[in-house]
Structures are given as C-alpha cells and as structure tokens.
Amino acid sequence: MPYYLILPLVAAFIYSLGSIVIKRALKEGVTMDQSFQITNLMLGLMFLPLVLLEKSTVVWAESWKPVLMGVTFFVGNWLSFLGLKRGDVSLVTPLMGTKVVFVALGVVFLTGKVPSVPLWIAVILTSVGIFVMGIPNLKQGRHLFFTVGVTLSSAAVFGVCDVLVSWWAADFGALTFITIGSVSVSLFSLLLWILQKRPSMKLKPKQKKWAWWAGSLVALQAIGMGVALSFFDDATGINVVYASRGLWAIVLVLLLGTALGNREHKDSGKAFWWRIIGTVILTAAIIIAVVERSNHPIV
C-alpha cells in the first residue's frame with residue numbers, strides 16, 4: 001500500500017467520528033449554524049500553522065486560486081452539515097463517498113487526465129455500494145429526496161474542490177495554498193454570520209464540549225486530506241480510500257453509538273443492514289484502488 005494513502009484512510013476514520021460527534025452536538029441543542037461556524041473557525045485556526053512549514057516558492061499573483069478553492073469547500077461544507085442535520089450518520093456519511101465519482105469526472109474534464117481501468121472499476125463499485133444503501137428507503141417509500149439530494153450536491157462540490165487542490169496546490173506552494181483556502185473558509189463563514197445578523201453563539205458547557213470536539217475533528221481530517229491532495233497527484237485514488245468513511249461510520253455507530261447517544265443502528269431496523277452490505281461493496285472498491293496504486297505507484 002503506497003504510504004500516502006494512509007493519510008486519507010486516517011482522515012476517513014476521523015471524519016466518521018466527527019460526524020457522530022456533530023450529530024450528538026445537534027442532539028444536545030447546538031444549532032446547525034452554530035456547529036457550522038465553530039467547525040469553520042477551527043478549520044482556519046488548525047491550518048494556519050502549516051504556512052510556517054512552507055519551503056517552496058509561493059506564487060502570490062495567483063492567490064485567487066486558493067480563495068476559489070475555499071469558496072467551493074465552504075459551500076460543500078454547508079451542504080454536508082445540512083445533510084447531517086436531516087439524515088442518519090450511517091446514511092449521509094457513506095453517501096458522501098460518491099465524491100470519488102465526481103473527482104474522477106472532474107479530473108477528466110478539468111485536467112484531461114484519465115484514471116486507469118482499475119480505478120474506474122473502483123469508482124463504479126463505489127456507486128453500486130451507494131445504491132445498495134438506498135434500497136430500503138425506496139422499498140419503504142421513504143425517498144428522502146432532500147437529504148440524498150443535499151448530500152450528493154455536497155459530494156459534487158467537494159469533488160470539484162479536491163480536483164482544484166490536486167491541480168493547483170503544488171505549483172502555487174502546497175502548504176500555503178491549503179492554508180489560504182482554509183482561512184478563506186473561516187472568513188466566508190464570519191461574513192455569513194454577519195449577514196445573518198449575528199445569531200447567538202452562546203452555548204451551555206455540555207454543548208460547548210460536543211461542538212468544539214466536532215469542529216476539531218472535522219478540521220483535523222481536512223488537514224490530512226489537504227496534504228495528501230496537495231503533494232500527491234492522485235485525487236481519484238485518494239478519494240476511493242477516503243470513501244472508507246462509510247465503513248468507519250458503520251463500525252463506530254455499532255461500537256460507540258450508544259455511548260455517544262446515537263441509536264440509529266437500532267432505530268433504522270433492516271435499513272442499517274443494507275447500509276452494511278453497501279459498505280462492504282465500498283470496501284471492495286477501496287481494496288482495488290489500493291492494489292492498483294501499489295502496482296503502479298505515482299511516487
């Protein structure tokens with residue numbers, strides 16, 4: 001397994017844990033807007049020290065590029081929070097795995113690079129896994145158009161964001177690129193808060209604990225993905241491995257769900273088992289991608 005794929009694998013685990021903590025924060029009474037603002041603030045704060053590690057020459061004249069990346073991340077993040085607010089973690093998190101499809105298409109259309117056949121197979125398997133997860137909702141007449149639509153839109157926007165990072169970061173100055181983009185997200189979030197007439201950010205002690213932990217976890221996993229995408233020209237392979245967050249979400253809900261106040265593995269009934277089957281398919285896609293990259297390393 002190429003060493004750089006460890007980054008998206010760990011990021012996937014942290015993201016899944018963060019999603020469960022976000023859900024717990026919302027359950028404690030933290031609003032979606034409050035959680036969103038805190039997460040975006042942590043994103044900027046945790047990325048900021050990376051600029052001190054920059055060793056490459058920074059092309060400041062093209063600063064619009066990381067800012068544009070920040071815009072796409074901001075929009076994708078807002079949509080993902082909206083999806084988590086409306087849907088189960090074990091459904092929304094795996095659905096976010098469809099990002100790999102949008103990344104593969106984005107790589108083709110924006111950079112002209114065509115992923116290998118094994119990677120395309122992995123992308124297709126990822127899509128099949130997502131469809132299997134949605135079967136019980138269709139059977140029960142629960143179309144959940146809003147949750148699924150919002151989550152897929154988030155995946156598409158994040159897919160574009162990842163392609164931009166992979167495409168532009170190295171030539172700009174990788175660490176400075178992802179730092180500017182992340183700080184931009186914090187600033188856009190602050191602007192939104194002002195335009196919303198500064199809604200209250202006051203939280204009770206218990207709410208603070210969950211909200212700040214959630215924000216820290218989401219920001220931490222973003223660093224892992226940002227570094228992987230910036231330094232290794234393998235956006236599709238990285239995102240296939242990152243899709244393992246669907247698997248991690250299922251595992252964490254089963255092992256830690258009760259302790260973290262999450263009962264969806266009990267409340268979802270048979271739907272949860274369909275999600276497990278879909279996650280197994282997603283895992284097969286990840287294995288294919290890892291094997292392919294092991295046989296044809298890019299670095």
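The values are calculated or read from the model by the stated rules, or taken from the named source; none is laboratory data. Bear in mind that the values here come from a model prediction, so they are computed numbers and not experimental data. Note that each Cβ is placed from the backbone with ideal geometry, even for glycine, and that neighbours are counted across all protein chains shown.
Evaluation of VAL67 against the conditions (1) buried (at least 17 other Cβ atoms within 10 Å of the Cβ); (2) under 15 Å from GLY181 (Cβ atoms); (3) modelled with pLDDT of 90 or more shows that the sole unmet condition is (1). So ILE135 passes all but one of these: (1) modelled with pLDDT under 75; (2) of a type in the set (A, V, I, L, M); (3) within 15 Å of TYR242 (Cβ to Cβ). Which condition number does it fail? For ILE135, the exception is condition (3).
Answer yes or no: is there a residue in the range 253-275 that is at pLDDT below 90 and touching a Leu at 6+ places or on another chain (Cβ under 7 Å). So far as the range 253-275 goes, yes, one or more of its residues are at pLDDT below 90 and touching a Leu at 6+ places or on another chain (Cβ under 7 Å).
Scan THR151, THR147 and give me the residue that is polar (S, T, N, Q) and modelled with pLDDT of 80 or more. Let's see the steps before the verdict.
Details: THR147 fails: modelled with pLDDT of 80 or more.
Of the residues listed, the single one that is polar (S, T, N, Q) and modelled with pLDDT of 80 or more is THR151.
The one condition from (1) more than 17 Å from VAL227 (Cα to Cα); (2) assigned to a helix (DSSP H, G or I) that GLY181 does not meet is (1).
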